[in-house]
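The structure appears right after this line, and notes come after that.
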Amino acid sequence: MAQRDDSKYSNRLEDAQKARAAMLEKAKLRAEEARKKLQDTAGERAAIAAARDERQKQKAEEKRLAAERAIANAKAADEARIKAEEEAKIEAERKKEQDLLDHMAREAEQKAARDARYAARKERGKKKR
């Protein structure tokens, strides 16, 4: 600001003091606006933090449920495997028993055929005499 040559020292001091007061008032206004904005954003930040916490809780719950499902699936698979092994063992025993019965039946048929041939041979031998 251009100074007038005829201004007195006291007038200049007074002008400087008014300028400092105006700058102080501007700074106070800016600080008040910043406080208001901080309060507004604090609410927003709190809401964001609450939402983040809720998402983390949901994620933790989903992980826990997934772990429970995995344990249940593993248990079910283990039970199914044990049941299948037991069924396979029972089936193998049944097959072994059936094979033994079939073998005994074949041996009985073979013995009957052998006995029939022997008896036929004996009959032929009696007819010749």
field: Among the residues listed as Leu38, Leu13, the single one being surrounded by 10 or more Cβ atoms within 10 Å (Cβ to Cβ), within 60 Å of the chain's Cα centre (by Cα) and modelled with pLDDT of 85 or more
entry: Leu38
task: For Gln58, indicate whether it is part of a helix (DSSP H, G or I), at pLDDT below 90 and not aliphatic (A, V, I, L, M).
output: no
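The values are calculated or read from the model by the stated rules, or taken from the named source; none is laboratory data. Everything quoted here is computed from the prediction, not taken from an experiment. Glycine gets a Cβ as well: all are built from the backbone with ideal geometry, and neighbour counts include every protein chain shown.
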